[in-house]
Amino acid sequence: MSTYSPEAQQSGSVPGAPSGRGSSGRGRRSSPMSWRWGDRVALAAAWGAGIGLCVIAAAIVLYMGYRGIQYLRPGLIFTHPRVSESGADSGGFLDPLIGTIVLTVIGIALALPLALASAVWVAEYGRPSWLARVVESSIEIVAGTPDIVIAIFGLAIFQLSLFAPFSFTSQGGGVYGNSFIAAGAMMSLLALPPVYAATRDGLQAVPGHMREAAFALGKTRITTIRRVLLPSVRSNIATGVTLGISRIIGSTAIVLILLGATLRIETQGSVPGIDLLRGTGSSLTTYIYDNSPAGEGGAPQKAYAAAFLLLVFVLLLNLLVDRIGRAQASSTGMTPIGAVV
Amino acid sequence: MMEWLRRPWPDHRAERTLGAVSLFVFVVVVAMAVFVATKAWPIFQHNGLSWLSGGGDLESEINRMTVATTKPAAAVYHLRAWPLIYGTLLSTAFALVLGLTIAVLASVFFVELAPVRVSRVVIPMVRLLASVPSVIYGLIGILVLVPFVGQNLITTHERESVQNVIQLTGAGLAVTVVILTIMITPIMIALICEALASVPPSWREGAVALGLNPLRAVRAVTLKAIRPAIVAAAVLATARALGEAVMIQMVSGGKSFAPKPVDGVVFFFEPLRTLASAIIDYHDGIGSPALGASVYAWALLLLFSAFALSVTGYLVKLPLRKYQTRG
């Protein structure tokens with residue numbers, strides 16, 4: 001949605017016709033009042049659709065904001081959740097919040113090198129070309145796969161006894177395949193496509209003379225990539241990562257199926273740090289799900305509060321994408337890439 | 001060792017390493033297909049392709065699977081998944097038709113009709129709609145829309161007419177379709193807007209100069225030029241709608257009931273269940289062999305649809321590439 005040429009915006013007028021009004025040379029507008037009925041209805045429908053969508057977006061944000069201010073207390077963010085019969089003393093959502101952060105870190109940490117390597121290879125080497133095409137299609141397929149299918153696939157993988165050390169294991173030796181590692185690994189598949197696409201588009205937009213200049217200085221291809229190309233697409237990478245993060249924090253199905261969605265973070269094993277990664281927990285999304293009538297239904301107020309927090313995160317990430325894109329556009333004169341949904 | 005890594009790599013080694021890492025994604029895709037298909041195999045072995053057909057009572061079939069022992073008899077595997085497929089197709093089709101209409105109209109509005117000042121405010125808001133997590137849509141659906149529909153739109157008469165079969169709570173097809181439409185429309189708008197903006201203005205200006213009013217010019221020239229982009233947007237949105245799990249699980253009523261068009265208006269209030277939401281419902285029972293196999297079979301069907309849609313999307317975009325139009 002980022003490329004709007006100024007010409008396209010003035011379509012309502014007939015350009016070029018001489019007129020006394022204004023210096024831009026706009027012609028006389030054909031008034032909708034003189035149009036046929038069908039056209040007038042279509043015009044009204046177009047305005048209605050556009051404005052209606054904005055009203056819906058505004059309504060969602062305002063309603064969640066209203067509920068959030070009503071129910072969100074700082075105490076909720078810093079207290080552990082508790083099991084309780086009534087919703088009143090079920091604690092806060094510190095653990096889900098930590099869970100979201102841990103998942104994001106794991107997901108991005110795994111996705112970033114993979115996406116960068118693929119993007120660099122496809123954009124800069126890409127030989128043989130059929131193999132590059134295969135890599136590109138694979139990433140497109142991953143991008144198009146629903147997260148619920150990725151979650152189910154993760155369960156199939158991590159329930160293999162081969163991967164038992166990575167996940168929650170029962171006393172009898174049964175492998176549940178639920179852990180932060182399992183969920184984070186599958187999250188990285190969600191974050192991979194946006195990071196890849198943004199980096200590849202950025203690399204393809206780098207003018208060829210920058211590469212040639214580096215080659216002329218006697219640099220090898222990989223040094224050029226490392227010292228010239230990657231630094232110049234930093235903001236593309238940042239955009240991609242931001243989009244990836246917003247996909248990760250919004251995913252419910254993977255957490256529900258691969259993290260166990262336990263109320264508190266349950267560690268597994270005795271090595272500090274590793275025990276957390278092997279343990280189960282929940283994220284803000286599953287916390288919302290569990291507290292809504294669809295889950296246990298305990299406390300809609302808590303669900304609203306957590307949903308408000310999640311929406312704030314998403315809004316901030318959206319703003320960040322805009323900011324990065326704008327900074328890049330003003331510094332390079334290129335249109336921002338990757339800002340498309 | 002560190003020294004060896006730190007020295008600048010020769011190009012051929014770097015190329016091979018990067019290429020090998022890139023192929024990892026391909027390995028993941030193959031593994032995904034293989035693993036899910038292997039796990040789903042018992043279901044197809046016992047049901048064949050009649051798995052896709054209807055006629056059974058899904059709820060009782062699944063109950064039988066849940067209580068089965070670790071070595072279930074062949075009869076336990078009996079499953080007819082049509083109600084789920086029907087629910088998926090129904091919700092996707094309605095949402096797609098509604099969403100595509102709105103998306104085309106709104107995109108024309110954003111790019112061609114709206115004053116710059118308006119579109120500068122409006123476009124970020126629509127982009128926001130696309131990034132709201134599905135669980136928040138589900139929450140709003142289940143706490144706001146479902147009670148509203150249940151209390152205000154369903155009459156007592158309608159409730160009583162299907163009393164013996166299902167309960168109408170408000171959760172059902174109507175709410176599912178409305179929210180699904182809101183979720184997929186922004187995705188289509190993003191693609192259609194981009195294509196609209198890339199059409200050379202002179203084409204439309206030519207039409208206007210020939211005497212068409214601006215809206216007709218858009219319809220006759222611009223929209224025709226971007227038809228492949230519209231189809232590509234629809235394909236992408238379909239993929240999104242098919243795979244939506246959590247939101248639908250929350251607002252669809254969670255009954256393996258196939259809404260019947262013959263019921264009239266009640267049709268829109270009847271609960272349904274889709275393939276994706278059924279996976280959410282039954283993933284706890286994945287330990288029992290028969291139910292586990294059916295969950296994997298549903299996932300396999302979704303995965304297969306995603307593959308097919310990816311290929312369709314690629315084919316649809318080919319003409320766009322030919323004309324050097326981005327889309």
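Here, each number is a calculation from the coordinates, and none is a lab measurement. Values in this document were obtained by computation on a predicted structure and should not be read as measured data. A quick note on method: Cβ atoms are made from the backbone with ideal geometry, for glycine too, and the neighbour counts reach across all protein chains shown.
Descriptive notes on the structure:
- Binning all Cα-Cα separations of chain B at 20 Å, short to long from zero, yields these whole-percent fractions: 25, 47, 25, 3, 0.
- From least to most packed, judged by other beta carbons within 10 angstrom and beginning with the fewest, B:M125, B:M183 follow the order B:M125, B:M183.
- Mean Kyte hydropathy of 1.0 or more with a Cα span along the axis of at least 27 Å, helices from DSSP in chain B: B:82-108, B:173-198, B:289-322
- Helix-only arithmetic for the protein assembly as shown: the sum of -39500 (n - 2.57) across DSSP H runs with n ≥ 4, divided by the residue total, places the mean residue ellipticity at 222 nm at -20500 deg cm²/dmol.
- Over the C-alpha atoms of region B:162-236, the Rg to Rh ratio, Rh being the Kirkwood estimate, stands at 1.29.
- Here the ratio of the Cα radius of gyration of region B:171-327 to 2.2 N^0.38 Å is 1.37.
- In loop segments of region B:1-41 as defined by DSSP, there are no trypsin sites (Lys or Arg not before Pro) with at most 15 further C-beta atoms inside 10 Å of their C-beta.
- With kT/(6 pi eta Rh) evaluated at 4 °C and eta = 1.567 mPa s, and Rh the Kirkwood radius from Cα pairs, region A:72-332 diffuses with a coefficient of 65 µm²/s according to Stokes-Einstein.
- The P(r) of region A:162-292 has a tail past 18 Å containing 64 percent of all C-alpha pairs.
- Spatial separation of Cα centroids for region A:274-330 and region B:179-223, in angstrom: 35
- Restricting the calculation to alpha carbons of region B:127-188 gives Rg and Dmax of 13.9, 44 angstrom.
- Gyration tensor (alpha-carbon) shape descriptor, region B:264-310, a/c threshold 1.5: oblate
- Those lysines that a straight Cα-Cα span of less than 26 Å connects to B:K39, excepting residues fewer than 8 apart in one chain: B:K71, B:K255
- With the convex hull of the Cα atoms taken as the outline of region B:223-300, the averaged projected area works out to 7.4 nm².
- Every pair of different Cα atoms in region B:27-150 enters the Kirkwood calculation, which places the hydrodynamic radius at 19.3 Å.
- Reducing region B:61-129 and region A:209-239 to their Cα centroids gives an inter-centroid distance of 42 Å.
- Length-normalised contact order of region A:72-332 in % [C-alpha pairs under 8 Å, at least 6 apart]: 24
- Whichever lysines have a C-alpha closer than 23 Å to that of B:K260, once near sequence neighbours (fewer than 8 apart) are set aside: none
- Counting every alpha-carbon pair across the protein assembly as shown, the share separated by more than 37 Å comes to 41%.
- Of the residues B:T92, B:T17, B:T312, the one that moves most in a GNM of chain B with alpha-carbon contacts below 10 Å is B:T17.
- Proximity of backbone amide H atoms, modeled 1.01 Å from N, is registered between A:S292 and A:G297 at under 5 Å, excluding neighbours fewer than 5 places apart on the same chain.
- By the beta-carbon count within 10 Å of each Cβ, the least crowded to most crowded order of B:L139, A:L72, A:L53, fewest first, is A:L72, A:L53, B:L139.
- Ordering B:K260, B:K71, A:K302 from the fewest to the most neighbouring beta carbons within 10 Å gives B:K71, B:K260, A:K302.
- Using θ = phi - 60° in the Karplus curve 6.51 cos²θ - 1.76 cosθ + 1.60, the 3J(HN,Hα) couplings for region A:160-167 round to 5, 5, 4, 9, 3, x, 8, 9 Hz; x is entered for Gly and Pro.
- Separation in nanometres of the label points that stand 7 Å from Cα toward Cβ, at A:V312 and A:A205: 3.2
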